[in-house]
Amino acid sequence: MTEQFRITRMYHPSFHAPDLGEVEAWFERVFGAPSTNIYETFKGRETGNYPTNYSTFTPMADVLMDTIQPTLYVLNGVQQYASVDRPHLKTIGWFDDNPEAVYQALRGAGVAMVDQFGKPADSEQAPRSAGSGAMPIYFTTPESAGLRHEFLPDFPFGLDHRNAPGWTAAAAPEGPLGLQLCAYHTLLTDDPVRALHTLVDALGGTVFHAGRDEVIGADASYVALGDSVLQVAVPDQGTAAYADWTTTAPNDTYHSLTFKVADLDRAAEHLKSQGVGIRSRTEDFLVTDPDTSINVPWGFTTHLVPGDPRA
């Protein structure tokens, strides 16, 4: 099914927050990562029919984080995302080399989608963007895919640090935490078949490892898709991960990102120096206390998952 297209890379995780400035300040202080408002890409071409200051982009190793303030994302007078009281990871955007083929593959797999206005995408051709209307863009519904995934053609987005000539993750600045690579993104679910049907059967991802994650207390499968790895985890009842999953149940929850770092002690010391608590720590893994880390249990490790094709 995936011979006609390729998911080339992750565009960005989407992080929803009540205040962009709060998140920008935290990323700058803790990750050493400056942010740029999407307004910079609209300068000189504002039309008044599309919001221009609703999100900010932050480079961190091989990840481009997109933080959205839902109250500012208004199309045709309608706020598109629910307001949030606390920040939380929400969706994942993907680049591909053939958006029409991806759209047909998802349709063929029975995965429901919506356009940028949230209307059902059930036509023969992929929906176009709400701005100029030229770019194919669509989103899976959490009810059918587990999570909301965004798809659009791979293009040289102006705020994407990975488009710099000669950029590689290995050569990227490590910053104060010593980031090297995003080891994996954690998606929590009670229906791994649904999540894997979308990621593997429809999109061509590969399950390369499965086993217990004792750090968060979950059975997990690891999927390589594009340039990224997704941990599809079924958390044990009574764990903090399970409590986070219940916030979106029965849909899946985008729980956290785990980064490979050069030195775990160095990362831990920097986190502590910035007032970030450590919820759990092993010899080669640590998880932050979300109450002190913008409501995300960020993971840091010295190892990639066994079998990771990027190793």
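The values are calculated or read from the model by the stated rules, or taken from the named source; none is laboratory data. Just so we're clear, the structure is a prediction, and the values are computed from it rather than from any experiment. Cβ atoms come from the backbone with ideal geometry, glycine included; neighbour counts cover every protein chain shown. The area values use the complete protein model at the heavy-atom level, side chains included, leaving out ligands, DNA and RNA. Shrake-Rupley method; radii C 1.70, N 1.55, O 1.52, S 1.80 Å.
This table checks each residue for (1) at pLDDT 95 or above; (2) within 19 Å of the chain's Cα centre (by Cα).
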{"position": "ALA112", "(1), (2)": "yes, no"}
{"position": "ASP122", "(1), (2)": "no, no"}
{"position": "GLY158", "(1), (2)": "no, yes"}
{"position": "CYS182", "(1), (2)": "yes, yes"}
{"position": "LEU187", "(1), (2)": "yes, yes"}
{"position": "PHE208", "(1), (2)": "yes, no"}
{"position": "ASP213", "(1), (2)": "yes, no"}
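Could you identify the single residue in PRO192, PRO235, PRO173 that is at negative phi, in contact with a helix residue (DSSP H, G or I) (Cβ under 6 Å, 6 or more places away or on another chain) and of a type outside the set (A, V, I, L, M, F, W, C)?
PRO235
Are any residues in the stretch 205-224 open to solvent by 40 Å² or more (accessible area, probe 1.4 Å) and either without any contact (Cβ under 8 Å) to a residue 24 or more places away in the chain or more than 28 Å from PHE31 (Cβ to Cβ) (or both), and if so, which ones?
Those that are open to solvent by 40 Å² or more (accessible area, probe 1.4 Å) and either without any contact (Cβ under 8 Å) to a residue 24 or more places away in the chain or more than 28 Å from PHE31 (Cβ to Cβ) (or both): THR206, VAL207, ALA210, ARG212, GLU214, ASP219.
Within the stretch 176-195, track down each residue that is among the aliphatic types (A, V, I, L, M) and open to solvent by 40 Å² or more (accessible area, probe 1.4 Å).
Within the stretch 176-195, VAL193 is the sole residue that qualifies.
Tell me, yes or no, whether the stretch 200-215 has at least one residue that is part of a loop (DSSP other than H, G, I, E, B) and closer than 20 Å to PRO297 by Cα.
Yes, the stretch 200-215 has at least one match.
Within the stretch 37-75, work out how many residues are modelled with pLDDT under 95, closer than 17 Å to PHE155 by Cβ and not in a loop (DSSP other than H, G, I, E, B).
Final tally of qualifying residues: 3.
Identify all residues within the stretch 262-311 that are free of Cβ contacts under 8 Å to residues at least 40 places away in the same chain, on the phi < 0 side of the Ramachandran plot and small (Gly, Ala, Ser); write none if there are none.
ALA268, SER273, GLY277, ALA311
Filtering the stretch 76-106 down to residues that are among the polar types (S, T, N, Q) and not in a loop (DSSP other than H, G, I, E, B), which residue is surrounded by the fewest Cβ atoms within 10 Å (Cβ to Cβ)?
Only one residue tops the list, namely GLN79.
ALA126: in a loop (DSSP other than H, G, I, E, B), of a type outside the set (Val, Ile, Thr) and either farther than 20 Å from GLN4 by Cα or within 20 Å of the chain's Cα centre (by Cα) (or both), yes or no?
no
Anything in the stretch 114-147 that is within 26 Å of LEU230 (Cα to Cα), open to solvent by 20 Å² or more (accessible area, probe 1.4 Å) and touching a residue at least 60 places away in the same chain (Cβ under 8 Å)? List them, or say none.
The answer is PRO142, GLU143.
Please report, ordered by residue number, the strands (runs of 3 or more DSSP E) entirely within the stretch 253-311 with at least 3 residues that are modelled with pLDDT of 95 or more and surrounded by fewer than 22 Cβ atoms within 10 Å (Cβ to Cβ).
Of the strands (runs of 3 or more DSSP E) lying wholly inside the stretch 253-311, those with at least 3 residues that are modelled with pLDDT of 95 or more and surrounded by fewer than 22 Cβ atoms within 10 Å (Cβ to Cβ) span 278-282.
Among the residues of the stretch 8-31, what is the count of those that are touching an Asp or Glu at 6+ places or on another chain (Cβ under 9 Å) and under 30 Å from LEU203 (Cβ atoms)?
Looking only at that region, the number is 8.
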